[in-house]
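The values are calculated or read from the model by the stated rules, or taken from the named source; none is laboratory data. Bear in mind that the values here come from a model prediction, so they are computed numbers and not experimental data. Ideal geometry is used to build each Cβ from the backbone, glycine not excepted, and the neighbour counts take in all protein chains shown. Note: areas computed on protein heavy atoms with side chains; ligands, DNA, RNA excluded. Shrake-Rupley method; radii C 1.70, N 1.55, O 1.52, S 1.80 Å.
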Amino acid sequence: MRILAISSQVAYGPVGNSAAVPALQATGDEVIAIPTVILSNQPEHGKPAGLRMPAADLASILGTLDDMGVLEGCDAVFTGYFVSNDQIHGVARAIRRMKAAKPDLVVLVDPIIGDGSELYVPLPVADAIRDELLPLATIATPNRFELAWLSGSDVTNASDAITAARTLPVAEVLATSIPAGRGRLATLAITRDKVSEEITAVLENVPHGTGDFLAGMYLSHRLRHSPDVALPRAMEMLGRAIRRSIGSLNLDVAGALSEGSRSS
């Protein structure tokens, strides 16, 4: 299968496409990766150097790929981190064209807008993801804060998450980092009529990039399996990556994937 992946690209520290693309490629899919921003490193390593992809250039790249017939061969689109709402406008236009040509196109929107208790992107970016990308999505993968912000609801437990997810204009939501009692977190695959759940322990010193990795891995499995099968498989691979990375600033994506291929 062919997947178009649009997110950040970081040279040192696997977040954004640096984490999601290897996960998407793990089952042999072809990935066309386009960066919204190119950075030397995660901010946790110090102030990064890099450049933003101008919205006009991003739209031009997508337009050229469209003219070449590349986009019409895509089975899915993955979107992640954006630095401007103008980028989102152009990507939304491209997805609309793709969906018009291929109505069964799978669109996964990872709404990377915040964590903890606040947004870490400008409000116009968060608004554009909510108002333009979510209505185009087949699957959304918000964390607890993002789900609460997007739905306008409090999310303090699994029941809240299910209710909030079903208010979004998306048929399927993978809700992550949902409180599940003392020292535990739930990850929920929520559709209109079913819920699948995985419970994990809260771990210390987990590196950044786990959400990007999980979103990519979930999409990779979801293209082939139902949510109740895709979720545990994706979580198993994420667990391997985290175990290999505890105490490190880098998520061991390659190690987890190679370990998974040996055991499959």
Residue identified as more than 29 Å from G181 (Cβ to Cβ) and at pLDDT 95 or above among V106, V155, V121: V106
Sole residue being open to solvent by 50 Å² or more (accessible area, probe 1.4 Å) and either among the acidic types (D, E) or closer than 17 Å to L134 by Cα (or both), chosen from R182, R224, R166: R166
Qualifying residue in the range 147-162 (condition: open to solvent by less than 60 Å² (accessible area, probe 1.4 Å) and closer than 27 Å to L65 by Cβ): no
Every residue from the range 24-70 that is under 21 Å from N85 (Cβ atoms), of a type in the set (A, V, I, L, M), surrounded by 14 or more Cβ atoms within 10 Å (Cβ to Cβ) and modelled with pLDDT of 85 or more: I34, V37, I38, M53, A55, L58, A59, I61, L62
Condition broken by P111, with the remaining ones in (1) part of a loop (DSSP other than H, G, I, E, B); (2) over 24 Å from S84 (Cβ atoms) satisfied: (2)
Boolean, S18 is buried (at least 21 other Cβ atoms within 10 Å of the Cβ) and either on the phi < 0 side of the Ramachandran plot or among the small types (G, A, S) (or both): yes
Per-region count, the range 129-144, residues open to solvent by less than 10 Å² (accessible area, probe 1.4 Å), free of Cβ contacts under 8 Å to residues at least 60 places away in the same chain and not in a loop (DSSP other than H, G, I, E, B): 4
Any hit, the range 16-39, residues being in contact (Cβ under 8 Å) with a residue 60 or more places away in the chain and in a strand (DSSP E or B): no
Only one of A234, A175 that is outside any loop (DSSP other than H, G, I, E, B), at pLDDT 95 or above and among the small types (G, A, S): A175
Flag for S84 being open to solvent by 10 Å² or more (accessible area, probe 1.4 Å) and within 30 Å of S196 (Cα to Cα): no
Flag if A94 is assigned to a helix (DSSP H, G or I) and either open to solvent by 10 Å² or more (accessible area, probe 1.4 Å) or closer than 18 Å to T210 by Cα (or both): no
